[in-house]
Amino acid sequence: MTGVRVAWNSFLLQLRGTSWLSILIATAVQPAAYVSITLAADRPGGVAPQAVVLGSGLLAVWTITLWQAGMVLRRELWSGTLPSICSRPGGLGPVLVGKSMASVALSASMTAISIVATSALEGHPLAVERPALFAAALAAALVSTLPLGLLVSCLFLLTRSAIRIAETLVYPVVLMGGLLVPLSMLPPVLRPPADALSLHWAYVLLAGAMTGPVDGAAWAGLLTTGLCYTVAARLAFIRVLHRARREGTLEIF
């Protein structure tokens, strides 16, 4: 119960310490810009407006999660609180989980509001044919995003190349994730990387719930990628603790 209490308090602390101006820009202004610009660029109608809105929303959640969850441990390091957290009974794990959950929940909820409002103003309101399935797919997508946030947070602490890592995880997703550019429009050699992205499978599930039919393989894809992210996050977290407890340093080499 101590770990749960620490995680909950860390969740609340992350919300209280949020820079609301930067959050509003990242989760409200940027998603609205994604939707408006992409719809304007697709006036000929090559991509369905609903697909553009959904893809823009997921891309915005992906981007803000990388930056907000990724910076959790770095902010603790910069503020000088990270060593003391590692030495306390609650430990670093619950703190990281609680703060990452706050980042993911806040970014996803505010992005959803922005996307729904923008799509309605653009004349393409979201229409969901199977609301219950859509809600289940959305919850599964958020759950699969959390271990990615934990992984990136550890990677941001373990390397000086944090900015390059974030860029590597963002820009290929824009091009090869099947969110804004349909995979059918890409050369065959560029399509397989999408299978390694939980965001791609989340898009397939959510798009299916909006129109009716759902690809059952997408559930397996989302589960598999989420588990892979979880294992990778666990290994990275072990490395962080190893550096803190055995090497006696949390500095970035």
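Bear in mind that the values in this text are calculations on the coordinates, not laboratory data. Computed from a predicted model, the values in this text were never measured in an experiment. Cβ coordinates were reconstructed from backbone atoms using ideal geometry, including for glycine residues, and neighbour counts include every protein chain displayed.
Annotations for the structure displayed:
- Charge tally in the Cβ shell below 13 Å around Gln68, where Lys, Arg are +1 and Asp, Glu are -1, Gln68 excluded: +3
- Acute angle (nearest 10 degrees) that the helix 30-41 long axis makes with the longest principal axis of the chain, alpha-carbon atoms: 30
- Residues Thr168, Thr225 arranged by fewest to most Cβ contacts within 10 Å: Thr168, Thr225
- Taking GluC sites (Glu not before Pro) as exposed when their DSSP state is a loop state and no more than 14 other Cβ atoms lie within 10 Å, the longest site-free interval of the chain runs over 1-128.
- Note on the chain: with a GNM built from Cα contacts shorter than 10 Å, the maximum mean-square fluctuation among Gly98, Gly80, Gly208 falls on Gly80.
- Helix 162-176 axis, angle to the chain major axis (alpha carbon atoms, nearest 10°): 20
- Folded to 0 to 90 degrees: helix 198-211 orientation relative to the chain principal axis, Cα: 40
- Listed values (1) 14.3; (2) 13.3; (3) 15.5 include one computed from this model; for mean projected area of the Cα convex hull in nm² that value carries the label (1).
- 10 Å Cβ shell holding at most 16 others, DSSP loop, trypsin sites (Lys or Arg not before Pro): longest site-free stretch of the chain: 1-159
- Working from label points 7 Å from Cα in the Cα-to-Cβ sense, the Ala117 to Thr168 distance is 3.7 nm.
- Point-to-point label distance, Ala127-Arg234, nm (Cα→Cβ direction, 7 Å offset): 4.5
- Top of Val173, Val204, Val29 by mean-square fluctuation, Gaussian network on the chain, Cα under 10 Å: Val29
- GNM top mover of Leu148, Leu121, Leu205 - the chain, alpha-carbon springs below 10 Å: Leu121
- For the pair Leu77 and Leu227, label points projected 7 Å from Cα toward Cβ lie 3.1 nm apart.
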